[in-house]
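> Below you'll find the structure I mean.
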Amino acid sequence: MRKVGITGLPGAGKSTVADMFAELGAAVFDADAAVRSLYAPGGEAARALIARFPEFDDGEGGIDRRKLRALLRESPALLDEVEAIVHPLVARHRERFLRKAEGQGAPLAVMEIPLLYEIGAEEGLDTVIWVEAPEEARQRRLRARPGFDAVLNAALEARLLPVEEKRARADFIIDTSGTKDDTRRQVQELFESLTRRG
């Protein structure tokens, strides 16, 4: 089973690409679903974060993500503390996903990892795909998201490694600036190439 990481800037189209791989038969790790479960009442991240930041409690033992975003907007430096709690838990979810995908005989295990290079997650992967889109398209997609905070997003992006470095380190690039059919064609070609390699 080939282990594939998908990364790129916010709004680049990573989830769209991951969904297209899923349609072709790849096992796909849903990072958003993992974080939602970790932040839900009783979730591992919720317990740890509320112990450190009681104001994040949504009243039911889960994380109020609006309060979390608001605090990080005011104090971006706190992101290090939040990430130190959340990232190892998400990594454990990925490891469980990989074991399950291998047991099911999936041809590809595809994982969307936004901070792939920043957290050293390329170790253990066979292939990394960089997903990109023009800045105008990225910003338009981001603004359409519920709860999008431009100031917080800019602060988060400023912490990332340079785009040129990450783009150069990737094995493949998928450009989502065209139509969905254009993106789907790129994914189809890459899926066929990766599954032929075994």
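> Out of (1) small (Gly, Ala, Ser); (2) at pLDDT 95 or above; (3) surrounded by fewer than 14 Cβ atoms within 10 Å (Cβ to Cβ), the odd one out for Gly8 is which?
Of (1) small (Gly, Ala, Ser); (2) at pLDDT 95 or above; (3) surrounded by fewer than 14 Cβ atoms within 10 Å (Cβ to Cβ), only one is false for Gly8: (3).
> Then there's this: For the structure I just gave you, tell me whether Arg96 is under 26 Å from Lys67 (Cα atoms) and not in a strand (DSSP E or B).
When the stated conditions are applied, Arg96 does not pass them.
> Give region 7-38 a look and list any residue that's at positive phi and in contact with a helix residue (DSSP H, G or I) (Cβ under 6 Å, 6 or more places away or on another chain), or say none.
If the condition is that a residue be at positive phi and in contact with a helix residue (DSSP H, G or I) (Cβ under 6 Å, 6 or more places away or on another chain), then Gly8, Gly11 are the ones that fit.
> Output the number of residues of region 121-154 satisfying the condition of being crowded, with 16+ Cβ neighbours inside 10 Å, outside any loop (DSSP other than H, G, I, E, B) and out of contact with any Gly (no Cβ under 8 Å at 6 or more places or on another chain).
Qualifying residue count for the region: 2.
The values are calculated or read from the model by the stated rules, or taken from the named source; none is laboratory data. As the structure is a prediction and not an experimental result, all values here were calculated from the model. Note that we place each Cβ from the backbone using ideal geometry, even for glycine, and neighbour counts take in every protein chain shown.
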